[in-house]
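No value in this document is a laboratory result; all are computed from the given coordinates. Note that the coordinates shown come from a computational prediction; the quantities given were computed from them, not determined experimentally. Methodologically, a virtual Cβ is constructed for each residue, glycine included, from the backbone with ideal geometry; neighbour enumeration extends over all protein chains shown.
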Amino acid sequence: MNRTDLNTPVLIVGATTGGVAAALACARNGVDCVVTEDTDWIGGQLTAQGVPPDENAWIEGNGPHAPTGFRACTAAYTEMRERVRAWYREHRPLKEEAASDPLMNPGRGWVSRLCAEPRVIETVLRSMIGTDDARKHIQLRTNTAMIRAEHHRDRVTRVTFRDTQTGSTFDVRADFVLDATDLGDVIDATDTESLIGAEASRVYGELHGRTDLRAGHDHDERDQQAFSWCFAIEHRPGEDHTIDRPESYGFWRDYVPEMTPPWTGRLLSWTVPSHDAKEGRELGLVPWPDEPGDNQWELWRYRRIVDHASHLAEHAHRFPDVSLVNWVQMDHWQHTLLGASGEGRANAYAAARDQSRCLLYWMQTDAPRHDGGTGYPGLRLRGDELGTDDGFAKAAYIREPRRLLARTMLTEAHVGTRQRREAGEPDQGATPWGTGQPFEDSVAIGHYPIDLHPTAAGRNNVYVPACPFRIPMGALVPVRVRNLLSGGKAMGVSHVANGCTRLHPVEWAVGEAAGLIASWCVNNGSEPHAVCDDPSKTATLRALAVAQGMPIAWPWEA
């Protein structure tokens with residue numbers, strides 16, 4: 001086969017949420033990069049995985065206890081969000097009140113302040129990396145899968161890829177490699193020290209670490225969070241769009257999870273476990289065109305990405321409500337991804353897709369209706385929203401990666417509200433959630449509760465408050481390997497802390513920070529370990545981050 005091998009200052013493996021942010025940082029600093037992506041979409045959990053962004057209270061610049069206008073995200077992330085809104089104003093026949101709202105939420109889903117169609121976000125991300133300045137430096141290779149990586153003397157020396165459309169292979173040699181994959185695949189392939197699953201509490205002294213592991217066993221590799229295969233649906237009352245009954249439907253219809261603490265009954269139910277309701281929470285479905293009652297929380301509007309009511313009446317028939325399904329009923333923990341073989345992963349993905357199809361079939365046939373009776377046969381898959389023919393996302397939604405064993409490990413002791421307060425750490429009274437560890441080498445910030453989904457080890461969900469936190473540069477840098485950085489979720493965090501660092505704006509911030517670090521090292525003939533070891537270099541890089549719109553601390557910490 002013909003080969004066109006590449007040499008580049010920076011290689012970014014994975015055009016995920018973090019990978020796109022890393023590429024933008026490289027381009028902004030005049031450094032060339034090659035970006036590879038398994039699918040034909042860029043954006044990761046924002047797009048190919050079909051997950052509207054879960055974001056913090058400060059994302060719109062009006063959060064509590066901070067100056068007006070302060071946003072707990074980077075300027076580039078804000079630009080992405082505003083470009084999405086601008087796209088809707090330009091391309092959709094919106095009512096005046098929707099179009100003129102500066103904080104427009106296109107789908108008016110209640111999980112996020114920006115519930116939008118994945119295809120629109122992907123279009124916007126393409127426009128961002130396709131500007132005249134960016135495309136001079138960013139070489140994007142989609143439909144490109146990593147097949148191996150070589151390393152020698154604590155350096156990644158070569159990464160080999162396959163074009164999944166032509167079958168041809170090529171090598172990339174780079175001064176610096178960023179792992180922006182959702183599972184930490186580069187870290188794995190290069191034998192870079194890393195962690196899988198949950199740690200015993202004694203490892204990092206975490207309040208929510210495992211306390212039941214026997215002596216000599218500090219990790220449970222099966223204690224990996226569930227992953228999910230999302231899909232998009234509309235509702236056409238009076239029509240029948242029921243899919244063929246999946247062969248495994250009988251199993252999933254009757255399945256009662258064995259979890260600690262106990263589950264709430266059958267998995268396929270409108271009653272789901274809740275962190276604040278012992279018997280679970282009832283979250284039913286009230287699909288368009290019906291409306292829920294006052295103060296009724298239900299699932300149709302949870303992740304709604306198209307709002308019929310926001311469009312002008314004469315055009316509204318073209319834009320029915322569309323809801324993105326990403327619920328705990330489709331969480332798949334029966335198989336694990338981390339540490340699995342290629343065949344094992346393929347089987348796990350197939351099983352997760354099958355479970356999601358069973359959830360859809362249950363909703364169409366057996367689910368209790370909000371108005372009496374059973375089943376909503378009018379639920380219709382909408383693959384156009386996800387760039388697919390079958391209505392399912394291009395890729396599985398991954399919550400937990402292989403985690404880098406980094407120079408600094410971010411743990412619950414640094415981010416957990418209760419743990420820090422019980423330890424007597426300074427609180428400052430700045431927020432209801434306390435304050436996180438004030439890392440002096442921080443290169444990003446974030447905030448979200450510690451939200452751990454059920455795991456393959458049979459541990460039920462954990463949902464507890466977290467502080468607004470800083471992310472230290474040391475969490476992106478391996479202990480040993482000199483030219484590798486984490487460019488996303490696979491950074492140096494514990495299993496528990498991953499519950500609050502895995503969300504969209506944090507992944508973006510980490511990727512952008514990794515892109516900045518790599519670019520600075522290229523431009524200054526340095527490497528990440530040297531930056532970490534030299535306070536003056538760290539200070540210079542942090543100042544550059546601030547100058548480029550990347551917050552590294554919270555206003556009350558100044």
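The modelled label-to-label distance between HIS241 and ARG135, using points 7 Å beyond Cα along the C-beta direction, is 3.5 nm.
What is the local net charge at GLN334, summed over the other residues whose Cβ is closer than 12 Å to its Cβ (Lys, Arg +1; Asp, Glu -1)?
-2
Under Stokes-Einstein, with the Kirkwood radius over Cα pairs as Rh, the value for the chain at 10 °C and 1.306 mPa s is 66 µm²/s.
Centre-to-centre separation between the Cα atoms of the range 427-483 and those of the range 219-246: 29 Å.
Between ALA466 and THR417, ILE450, the built amide H atoms are under 5 Å apart, and every one of these is 5 or more places off in sequence or on another chain. Given +1 at the Cβ of Lys and Arg, -1 at the Cβ of Asp and Glu and no other charges, the dipole of the chain around its Cα centre is 680 debye to the nearest 20.
In a shell of Cβ-Cβ distance under 11 Å around THR47, excluding THR47 itself, what net charge do Lys and Arg (+1) and Asp and Glu (-1) give?
Charge balance in the 11 Å sphere: -2.
First select every other residue whose beta carbon is under 14 angstrom from the beta carbon of ALA351; then total the charges, Lys and Arg +1, Asp and Glu -1. So the surrounding residues net to -1.
Here the contact order of the chain, divided by its residue count and restricted to Cα pairs under 8 Å and six or more residues apart, works out to 22 percent.
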